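Note sheet for the following structure.
The values are calculated or read from the model by the stated rules, or taken from the named source; none is laboratory data. Keep in mind it's a predicted model, so treat the numbers as computed, not measured. Here the Cβ positions follow ideal geometry from the backbone for every residue, glycine too, while neighbour counts run over all protein chains shown. SASA here: full protein model, heavy atoms, side chains in, ligands and nucleic acids out. Shrake-Rupley method; radii C 1.70, N 1.55, O 1.52, S 1.80 Å.
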Amino acid sequence: SQSRYEPTLVENDPIRGDYVCKTILSGSNFKPFVTAVGLYNDYGQLLMIGKLSQPVQLPSNMDTTFIIKYDR
């Protein structure tokens with residue numbers, strides 16, 4: 001069966017019989033970039049996607065907030 005997860009972030013664990021996050025995701029060297037922001041309703045349905053003009057690296061020492069402005 002095919003994974004429903006992003007293949008670059010998970011790997012199959014044959015002992016557990018499930019997919020687990022790769023070890024690169026739990027180390028201090030993992031510094032992801034944000035390229036898009038998805039807005040969801042209370043039912044988990046995707047309402048819209050906002051693409052950033054350039055990637056933003058998330059800082060490891062604080063939370064990040066994106067302010068979204070959209071035109072109707």
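For region 31-51, the set of residues classified as of a type in the set (D, E, K, R) and modelled with pLDDT of 90 or more consists of D42, K51, listed by residue number. For region 28-50, state whether one or more residues are on the phi > 0 side of the Ramachandran plot, open to solvent by less than 90 Å² (accessible area, probe 1.4 Å) and either assigned to a loop (DSSP other than H, G, I, E, B) or touching a residue at least 40 places away in the same chain (Cβ under 8 Å) (or both). Yes, because at least one residue in region 28-50 is on the phi > 0 side of the Ramachandran plot, open to solvent by less than 90 Å² (accessible area, probe 1.4 Å) and either assigned to a loop (DSSP other than H, G, I, E, B) or touching a residue at least 40 places away in the same chain (Cβ under 8 Å) (or both).
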